[in-house]
Amino acid sequence: MLPLVLFFIFAALCVGGAINLLVQKHPINSALSLIVVMGSLALIYLLLGAEFVAAVQVIVYAGAVMVLFVFVIMLLNAGVEERTEHASRVATVLGVPGLIIGLSIAVWVVSHLAGLDRIAIGGPTVMNGSDVFGNPQAIGRLLFRDFLLPFEVTSLLILIAIMGAVVLARREE
Amino acid sequence: MVPLSYYLVLSAILFGCGVAGFLIKRNIITIFLSIELMLNGVNLSFVAFAAQLKSLDGHIFVFFVMVVAAAEAAVGLAIIISVFRTRETLNVDRVNLLKL
(Lines give C-alpha, C1' and ligand atoms only; values in the text may rest on other atoms or scores of the structure.)
Protein backbone atom coordinates (compact mmCIF):
# COMPACT_ATOMS: atom_id res chain seq x y z
CA MET A 1 0.00 0.00 0.00
CA LEU A 2 2.77 2.42 0.93
CA PRO A 3 4.56 2.17 -2.48
CA LEU A 4 1.29 3.02 -4.23
CA VAL A 5 0.74 6.12 -2.06
CA LEU A 6 4.35 7.24 -2.55
CA PHE A 7 4.05 6.63 -6.28
CA PHE A 8 0.95 8.81 -6.53
CA ILE A 9 2.55 11.64 -4.52
CA PHE A 10 5.69 11.71 -6.67
CA ALA A 11 3.76 11.17 -9.91
CA ALA A 12 1.56 14.17 -9.05
CA LEU A 13 4.70 16.25 -8.40
CA CYS A 14 6.12 15.07 -11.74
CA VAL A 15 3.02 15.91 -13.76
CA GLY A 16 2.58 19.22 -11.94
CA GLY A 17 6.16 20.21 -12.72
CA ALA A 18 5.82 19.17 -16.36
CA ILE A 19 2.60 21.19 -16.80
CA ASN A 20 4.18 24.15 -15.00
CA LEU A 21 7.05 23.96 -17.51
CA LEU A 22 4.51 24.43 -20.30
CA VAL A 23 2.52 27.19 -18.59
CA GLN A 24 5.36 29.42 -17.38
CA LYS A 25 6.46 32.24 -19.67
CA HIS A 26 9.92 32.88 -18.25
CA PRO A 27 12.65 30.29 -19.07
CA ILE A 28 14.06 30.35 -15.53
CA ASN A 29 10.68 29.23 -14.11
CA SER A 30 10.53 26.44 -16.69
CA ALA A 31 14.05 25.31 -15.75
CA LEU A 32 13.23 25.26 -12.03
CA SER A 33 10.05 23.25 -12.60
CA LEU A 34 12.08 20.77 -14.67
CA ILE A 35 14.33 20.34 -11.61
CA VAL A 36 11.18 19.41 -9.61
CA VAL A 37 10.28 16.83 -12.27
CA MET A 38 13.78 15.33 -12.20
CA GLY A 39 13.93 15.19 -8.40
CA SER A 40 10.60 13.39 -8.08
CA LEU A 41 11.60 11.04 -10.92
CA ALA A 42 14.69 10.13 -8.87
CA LEU A 43 12.41 9.16 -5.97
CA ILE A 44 10.27 7.05 -8.34
CA TYR A 45 13.47 5.32 -9.48
CA LEU A 46 14.17 4.50 -5.82
CA LEU A 47 10.67 2.97 -5.59
CA LEU A 48 11.64 0.77 -8.56
CA GLY A 49 14.82 -0.36 -6.78
CA ALA A 50 17.15 1.54 -9.11
CA GLU A 51 19.54 3.06 -6.57
CA PHE A 52 22.36 3.90 -8.95
CA VAL A 53 20.07 5.46 -11.55
CA ALA A 54 18.40 7.59 -8.86
CA ALA A 55 21.77 8.88 -7.61
CA VAL A 56 22.97 9.63 -11.14
CA GLN A 57 19.65 11.34 -11.90
CA VAL A 58 20.14 13.72 -8.97
CA ILE A 59 23.87 14.33 -9.50
CA VAL A 60 24.08 14.52 -13.31
CA TYR A 61 20.60 15.66 -14.39
CA ALA A 62 19.22 17.75 -11.55
CA GLY A 63 22.74 18.85 -10.64
CA ALA A 64 25.12 19.33 -13.54
CA VAL A 65 22.86 19.66 -16.59
CA MET A 66 20.33 21.95 -14.94
CA VAL A 67 23.06 24.15 -13.45
CA LEU A 68 24.36 24.54 -17.02
CA PHE A 69 20.86 25.51 -18.20
CA VAL A 70 20.28 28.03 -15.41
CA PHE A 71 23.76 29.45 -15.99
CA VAL A 72 23.07 29.98 -19.70
CA ILE A 73 19.63 31.50 -19.05
CA MET A 74 21.17 34.00 -16.63
CA LEU A 75 24.19 34.63 -18.89
CA LEU A 76 21.99 35.48 -21.87
CA ASN A 77 19.61 37.48 -19.65
CA ALA A 78 16.64 35.74 -21.28
CA GLY A 79 13.44 37.65 -20.67
CA VAL A 80 9.78 36.74 -20.92
CA GLU A 81 9.03 34.71 -24.03
CA GLU A 82 7.57 36.71 -26.90
CA ARG A 83 4.48 35.27 -28.58
CA THR A 84 4.23 34.82 -32.30
CA GLU A 85 1.44 36.89 -33.83
CA HIS A 86 -0.01 34.26 -36.13
CA ALA A 87 0.03 31.52 -33.45
CA SER A 88 -3.27 29.67 -33.14
CA ARG A 89 -4.91 29.91 -29.71
CA VAL A 90 -7.16 26.91 -30.44
CA ALA A 91 -4.16 24.68 -31.10
CA THR A 92 -2.60 25.68 -27.78
CA VAL A 93 -5.77 25.46 -25.67
CA LEU A 94 -7.24 22.29 -27.18
CA GLY A 95 -4.34 20.59 -28.93
CA VAL A 96 -1.89 20.35 -26.03
CA PRO A 97 -4.23 18.69 -23.47
CA GLY A 98 -5.61 16.56 -26.31
CA LEU A 99 -2.11 15.40 -27.23
CA ILE A 100 -1.13 14.54 -23.65
CA ILE A 101 -4.41 12.84 -22.71
CA GLY A 102 -4.61 10.99 -26.02
CA LEU A 103 -1.06 9.68 -25.70
CA SER A 104 -1.59 8.51 -22.11
CA ILE A 105 -4.91 6.82 -22.98
CA ALA A 106 -3.23 5.06 -25.90
CA VAL A 107 -0.45 3.80 -23.61
CA TRP A 108 -3.03 2.69 -21.01
CA VAL A 109 -5.03 0.75 -23.60
CA VAL A 110 -1.96 -0.92 -25.09
CA SER A 111 -0.56 -1.90 -21.68
CA HIS A 112 -4.02 -3.18 -20.63
CA LEU A 113 -4.24 -5.32 -23.76
CA ALA A 114 -0.72 -6.59 -23.13
CA GLY A 115 -1.73 -7.50 -19.56
CA LEU A 116 0.87 -5.20 -18.02
CA ASP A 117 -1.54 -3.71 -15.46
CA ARG A 118 -1.72 -7.06 -13.66
CA ILE A 119 2.06 -7.07 -13.12
CA ALA A 120 2.85 -5.30 -9.88
CA ILE A 121 6.38 -4.04 -9.41
CA GLY A 122 8.09 -1.74 -6.97
CA GLY A 123 10.12 -1.87 -3.82
CA PRO A 124 13.64 -3.26 -3.61
CA THR A 125 13.68 -6.52 -5.50
CA VAL A 126 16.04 -9.17 -4.25
CA MET A 127 17.76 -10.87 -7.14
CA ASN A 128 20.14 -13.84 -7.19
CA GLY A 129 20.74 -13.54 -3.47
CA SER A 130 22.66 -10.33 -4.07
CA ASP A 131 21.91 -7.06 -2.36
CA VAL A 132 19.29 -4.57 -3.56
CA PHE A 133 18.43 -4.74 -7.25
CA GLY A 134 20.24 -2.04 -9.20
CA ASN A 135 22.88 -1.13 -6.64
CA PRO A 136 26.13 0.47 -7.87
CA GLN A 137 28.06 -2.78 -7.42
CA ALA A 138 25.85 -4.74 -9.84
CA ILE A 139 25.73 -1.86 -12.32
CA GLY A 140 29.51 -1.44 -12.20
CA ARG A 141 30.11 -5.14 -12.76
CA LEU A 142 27.82 -5.09 -15.81
CA LEU A 143 29.21 -1.79 -17.12
CA PHE A 144 32.89 -2.74 -16.94
CA ARG A 145 32.46 -6.33 -18.11
CA ASP A 146 29.63 -6.72 -20.64
CA PHE A 147 29.35 -3.10 -21.76
CA LEU A 148 33.02 -2.12 -21.69
CA LEU A 149 33.26 -1.08 -25.35
CA PRO A 150 30.14 1.18 -25.28
CA PHE A 151 31.47 2.70 -22.05
CA GLU A 152 34.79 3.57 -23.69
CA VAL A 153 33.02 4.96 -26.77
CA THR A 154 30.98 7.11 -24.38
CA SER A 155 34.16 8.65 -22.96
CA LEU A 156 35.20 9.52 -26.53
CA LEU A 157 31.77 11.12 -27.08
CA ILE A 158 32.18 13.22 -23.94
CA LEU A 159 35.64 14.35 -25.11
CA ILE A 160 34.25 15.40 -28.50
CA ALA A 161 31.35 17.21 -26.79
CA ILE A 162 33.75 19.16 -24.56
CA MET A 163 35.88 20.24 -27.53
CA GLY A 164 32.77 21.09 -29.58
CA ALA A 165 31.33 23.22 -26.77
CA VAL A 166 34.61 25.12 -26.36
CA VAL A 167 34.94 25.74 -30.11
CA LEU A 168 31.28 26.79 -30.55
CA ALA A 169 31.07 29.09 -27.55
CA ARG A 170 34.43 30.77 -28.18
CA ARG A 171 34.25 34.44 -29.11
CA GLU A 172 35.59 34.92 -32.59
CA GLU A 173 38.29 37.52 -33.08
CA MET B 1 3.08 -2.68 -5.18
CA VAL B 2 2.40 -0.49 -8.19
CA PRO B 3 1.15 -1.91 -11.51
CA LEU B 4 3.63 -1.52 -14.35
CA SER B 5 1.12 0.30 -16.53
CA TYR B 6 0.97 3.22 -14.04
CA TYR B 7 4.65 3.84 -14.65
CA LEU B 8 4.12 3.63 -18.41
CA VAL B 9 1.22 6.11 -18.29
CA LEU B 10 3.32 8.55 -16.21
CA SER B 11 6.12 8.14 -18.74
CA ALA B 12 3.68 8.87 -21.59
CA ILE B 13 2.38 11.98 -19.82
CA LEU B 14 5.93 13.31 -19.36
CA PHE B 15 6.79 12.53 -22.99
CA GLY B 16 3.56 14.21 -24.18
CA CYS B 17 4.33 17.32 -22.13
CA GLY B 18 7.78 17.38 -23.74
CA VAL B 19 6.34 17.09 -27.26
CA ALA B 20 3.76 19.80 -26.52
CA GLY B 21 6.42 22.14 -25.13
CA PHE B 22 8.62 21.49 -28.15
CA LEU B 23 5.74 22.45 -30.45
CA ILE B 24 4.20 25.47 -28.69
CA LYS B 25 7.21 27.16 -27.09
CA ARG B 26 9.09 29.83 -29.04
CA ASN B 27 12.07 30.33 -26.74
CA ILE B 28 14.99 28.17 -27.86
CA ILE B 29 16.06 27.40 -24.27
CA THR B 30 12.55 26.24 -23.30
CA ILE B 31 12.46 24.03 -26.40
CA PHE B 32 15.72 22.49 -25.22
CA LEU B 33 14.23 21.94 -21.74
CA SER B 34 11.28 20.14 -23.37
CA ILE B 35 13.72 17.75 -25.09
CA GLU B 36 15.23 16.96 -21.69
CA LEU B 37 11.70 16.28 -20.38
CA MET B 38 11.09 13.80 -23.22
CA LEU B 39 14.38 12.02 -22.43
CA ASN B 40 13.32 11.75 -18.77
CA GLY B 41 9.99 10.22 -19.75
CA VAL B 42 11.74 7.59 -21.85
CA ASN B 43 14.19 6.85 -19.02
CA LEU B 44 11.27 6.15 -16.67
CA SER B 45 9.86 3.47 -18.97
CA PHE B 46 13.34 1.91 -19.32
CA VAL B 47 13.69 1.63 -15.52
CA ALA B 48 10.11 0.32 -15.12
CA PHE B 49 10.66 -2.44 -17.70
CA ALA B 50 14.04 -3.27 -16.11
CA ALA B 51 12.27 -3.78 -12.78
CA GLN B 52 9.60 -5.93 -14.43
CA LEU B 53 12.08 -8.11 -16.35
CA LYS B 54 14.47 -8.31 -13.37
CA SER B 55 17.27 -7.34 -15.74
CA LEU B 56 19.85 -4.60 -15.24
CA ASP B 57 20.26 -3.88 -18.96
CA GLY B 58 17.60 -1.16 -18.75
CA HIS B 59 19.64 0.66 -16.11
CA ILE B 60 22.69 0.56 -18.40
CA PHE B 61 20.56 2.04 -21.19
CA VAL B 62 19.42 4.83 -18.87
CA PHE B 63 23.06 5.49 -17.97
CA PHE B 64 23.99 5.88 -21.65
CA VAL B 65 20.94 8.06 -22.33
CA MET B 66 22.02 10.35 -19.48
CA VAL B 67 25.58 10.56 -20.82
CA VAL B 68 24.34 11.44 -24.30
CA ALA B 69 21.91 13.99 -22.83
CA ALA B 70 24.73 15.65 -20.89
CA ALA B 71 26.89 15.85 -24.02
CA GLU B 72 23.92 17.16 -26.00
CA ALA B 73 23.21 19.81 -23.36
CA ALA B 74 26.83 21.03 -23.44
CA VAL B 75 26.97 21.29 -27.25
CA GLY B 76 23.40 22.63 -27.57
CA LEU B 77 23.91 25.38 -25.03
CA ALA B 78 27.16 26.36 -26.77
CA ILE B 79 25.18 26.63 -30.03
CA ILE B 80 22.51 28.72 -28.25
CA ILE B 81 25.19 31.10 -26.92
CA SER B 82 26.69 31.36 -30.39
CA VAL B 83 23.28 32.04 -32.00
CA PHE B 84 22.44 34.66 -29.38
CA ARG B 85 25.77 36.38 -29.98
CA THR B 86 25.11 36.78 -33.71
CA ARG B 87 21.30 37.30 -33.72
CA GLU B 88 20.65 38.99 -30.35
CA THR B 89 17.46 36.94 -29.99
CA LEU B 90 16.32 33.62 -28.52
CA ASN B 91 13.05 33.46 -30.51
CA VAL B 92 13.22 30.55 -32.97
CA ASP B 93 10.87 32.33 -35.38
CA ARG B 94 13.52 34.98 -35.92
CA VAL B 95 16.27 32.45 -36.53
CA ASN B 96 15.13 31.39 -39.99
CA LEU B 97 18.22 31.91 -42.12
CA LEU B 98 21.39 29.84 -42.26
CA LYS B 99 23.44 32.90 -43.18
CA LEU B 100 23.46 36.19 -41.33
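Which residues, if any, in segment A:20-62 have at least 30 Å² less accessible area in the whole protein complex than in the isolated chain, probe 1.4 Å?
A:Leu21, A:Leu22, A:Pro27, A:Leu34, A:Leu41, A:Tyr45, A:Leu48, A:Val53, A:Val56, A:Tyr61
Can you list the equivalent-ellipsoid semi-axes of the protein assembly as shown, largest first and in whole Å, using the square root of 5 times each Cα gyration tensor eigenvalue?
Square roots of five times the eigenvalues give 33, 25, 14 Å.
Tell me, what is the FRET efficiency for B:Lys99 and A:Leu94 to the nearest 0.05, using R0 = 35 angstrom and their Cβ-Cβ distance as r?
0.40
Give me, ordered by chain and number, the residues 5 or more places off A:Ile121 or on other chains with an amide H under 5 Å from its own placed amide H.
Residues meeting the criterion, in which the H sits 1.01 Å from N, are B:Val2, B:Leu4.
Give me the log10 of I(q) over I(0) for chain B at q = 0.18, 0.22 Å⁻¹, as the Debye formula computes it from C-alpha points; what are the numbers?
Debye output, listed in q order: -0.88, -1.10.
Where does the longest stretch of chain B lie that holds no trypsin sites (Lys or Arg not before Pro) found in a DSSP loop with 14 or fewer other Cβ atoms within 10 Å?
That would be B:1-53.
What are the ³J(HN,Hα) couplings of segment B:83-90, residue after residue, when phi is run through the Karplus curve with 6.51, -1.76, 1.60 and θ = phi - 60°? Round to Hz, x for glycine and proline.
Karplus-based 3J(HN,Hα) across segment B:83-90 equals 5, 5, 5, 8, 9, 6, 8, 10 Hz.
Each label point is 7 Å from the Cα along the Cα-to-Cβ direction; what then is the distance between the points at A:Ile101 and A:Phe144, in nm?
Calculated label separation equals 5.2 nm.
Could you name the lysines in cross-link range of B:Lys25, using Cα to Cα under 17 Å and dropping any fewer than eight places away on the same chain?
The reachable lysines, counting only those whose Cα sits under 17 Å from B:Lys25, are A:Lys25.
In terms of solvent-accessible area of protein heavy atoms at a 1.4 angstrom probe, what is the ranking of A:Met1, A:Met38, B:Met38, B:Met1, highest value first?
The most accessible residue leads, giving A:Met1, B:Met1, B:Met38, A:Met38.
Rounded to the nearest 100 Å², what is the sum over both chains of accessible area buried where A meets B, with a probe of 1.4 Å?
Answer for the A-B pair: about 6900 Å² buried.
Using the Karplus equation 6.51 cos²θ - 1.76 cosθ + 1.60 (θ = phi - 60°), what ³J(HN,Hα) coupling, rounded to whole Hz, does each residue of segment A:40-56 give in order, writing x for Gly and Pro?
6, 5, 4, 5, 5, 4, 5, 4, 7, x, 9, 5, 5, 5, 5, 5, 5
Let's see if you can work this out: charge +1 on each Lys and Arg Cβ, -1 on each Asp and Glu Cβ, no other charges. What is the dipole magnitude of the protein assembly as shown about its Cα centre, in debye to the nearest 20?
Using Cβ point charges on Lys, Arg, Asp and Glu, the protein assembly as shown gives about 380 debye.
Skip the ligands, DNA and RNA, and give the accessible area per residue of segment B:7-100 with a 1.4 Å probe, whole Å².
For segment B:7-100, the solvent-accessible area averages 38 Å² per residue.
The values are calculated or read from the model by the stated rules, or taken from the named source; none is laboratory data. Bear in mind that the values here come from a model prediction, so they are computed numbers and not experimental data. Please note: Cβ atoms are built from the backbone with ideal geometry, for glycine as well, and neighbour counts cover all protein chains shown. To get the accessible areas, we keep the full protein, side chains included, count just its heavy atoms, and leave off ligands, DNA and RNA. Shrake-Rupley method; radii C 1.70, N 1.55, O 1.52, S 1.80 Å.
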